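Just below is one structure, and these are the notes that go with it.
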Amino acid sequence: MNFLTSLGIPLHMDFDGQRRAEYLARFIITLFGIIGFIWGYYKQQFSLTVYTCGFGFTLAVLFTLPPWPMYRRKPLHWQKPKSDTDQKKKK
Amino acid sequence: MHSFLSRANAVAAYALSVLACLTFLCFLSTLFIDYRTEASINTIRTIVKSISNYNSDRKANDLGHITVDLRADLSPLFNWNVKQLFVYLYAEYETSSNSLNQVILWDKIIRRGENANLNFKNMNLKYYFWDDGNGLKGNKNITLTLSWNIIPNAGCLSHVNAVGQHSFSFPDEYTIAKQ
């Protein structure tokens with residue numbers, strides 16, 4: 001994974017993006033799990049439940065694994081480092 | 001969630017947990033279903049021979065030759081938690097040497113989607129009906145029972161007996177095999 005970062009492709013989300021990515025992944029997988037269970041029970045075919053779960057997993061991977069720009073909107077604002085010359089002037 | 005790999009790990013782990021949960025719910029949804037159903041069994045030909053059993057000690061043992069009519073509609077047993085049925089027909093009888101003898105005479109695997117409406121007429125059995133001595137000749141109470149294992153997608157392997165048995169008797173004389 002490090003070679004991607006060295007190519008200039010970012011892999012990190014900011015803190016707010018991480019929270020939203022986790023929430024979205026869980027929401028998608030749970031939703032498709034419930035849909036799959038109801039559908040499979042209705043059709044009396046458990047493989048439909050498994051495939052729907054797999055589809056939800058794929059969707060969650062597509063939406064939350066890559067650090068899309070929407071997860072990078074609130075970067076941390078670091079204070080600017082104080083330079084040595086400023087400290088010398090105060091003395 | 002701070003790196004690509006930890007996100008992949010979290011998503012995969014959660015998806016697997018959900019799948020395991022749904023599988024358990026599927027097991028719960030079929031836990032209290034009554035899998036008994038009616039079967040009608042009838043014997044057409046019942047003869048008994050005295051033949052050397054070369055599979056064991058070469059002594060002359062009783063070998064029953066029977067053909068049966070078997071009718072049972074097992075298609076209502078299938079649901080989303082039944083992968084296949086293992087259906088078997090067995091005989092139970094008492095002899096002087098054993099209070100309970102059980103011999104499997106016939107079996108069949110029915111996968112889901114295959115024809116589960118059993119209707120056999122004058123069917124030969126799949127396995128030999130050997131007694132371990134001379135207990136078949138003149139035996140007045142031999143009971144045939146149809147029974148099945150339910151092989152589920154998730155859950156326990158259950159043994160179910162059909163409703164309806166058939167009892168018959170073997171003749172008092174051996175049928176002499178033509179040489």
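Each reported figure results from applying straightforward, stated rules to the coordinates on display, with no laboratory input. Treat the numbers as computed from the prediction; the structure is a model and nothing was measured. Neighbour counts run over all protein chains shown; Cβ positions are idealised from the backbone, glycine included.
Points to keep in mind about this one:
- The slack in the chain from B:Asp107 to B:Ser6, taken as 0.36 nm per residue of separation less the alpha-carbon distance, amounts to 31.2 nm.
- Listed by chain and number, the aspartates and glutamates whose alpha-carbon sits under 16 Å from that of B:Lys121, ignoring those within fewer than 8 places in the same chain, are B:Asp69, B:Asp73, B:Asp107.
- Theoretical ellipticity at 222 nm over chain B - DSSP helices of four or more residues, -39500 (n - 2.57) apiece, nearest 500: -5000 deg cm²/dmol
- With both labels modelled 7 Å from their Cα along Cα-to-Cβ, the B:Leu100 to B:Ala154 distance reads 3.4 nm.
- Aspartates and glutamates whose Cα lies under 12 Å from that of B:Lys83, excluding same-chain neighbours fewer than 8 positions away: B:Glu114
- Trypsin sites (Lys or Arg not before Pro) lying in DSSP loop within the stretch B:33-78, provided at most 13 other Cβ fall within 10 Å: B:Arg36, B:Arg58, B:Lys59
- Residues of chain B were split at every exposed loop site, defined as chymotrypsin sites (Phe, Trp or Tyr not before Pro) in a DSSP loop with at most 14 other C-beta atoms within 10 angstrom, and the longest piece left, sites excluded, is B:55-126.
- Legend: mean number of C-beta atoms from other chains within 10 angstrom of residue C-beta atoms, peptide A:32-43, equals 3.
- Virtual spin-label span in nm between B:Trp130 and A:Gln79, 7 Å along Cα→Cβ: 9.2
- Placing R0 at 25 angstrom, the Cβ-Cβ distance between B:Phe32 and B:Glu92 gives a FRET efficiency of 0.30 after rounding to 0.05.
- Tally of Lys pairs whose C-alpha atoms are under 22 Å apart, taken over chain A, 8 or more apart or cross-chain: 6
- Cα centroid separation - the stretch B:129-156 against the stretch A:12-55, whole Å: 47
- In this simple spin-label model, placing a label point 7 Å from the Cα along the Cα-to-Cβ direction at both B:Asp69 and A:Ile34 gives a separation of 5.5 nm.
- Peptide B:3-11 has a mean of 6 when you count, residue by residue, the C-beta atoms of other protein chains within 10 Å of its C-beta.
- Rounded to the nearest 500, the helix-only mean residue ellipticity at 222 nm of chain A stands at -21500 deg cm²/dmol, with each DSSP H run of n ≥ 4 adding -39,500 (n - 2.57).
- Mean-position separation - Cα centroids, the stretch B:1-35 and the stretch B:63-80, in angstrom: 37
- Per-residue mean of C-beta atoms belonging to partner chains within 10 Å, peptide B:15-27: 5
- GNM flexibility winner over chain B from B:Ala39, B:Ala72, B:Ala20 (Cα, springs under 10 Å): B:Ala20
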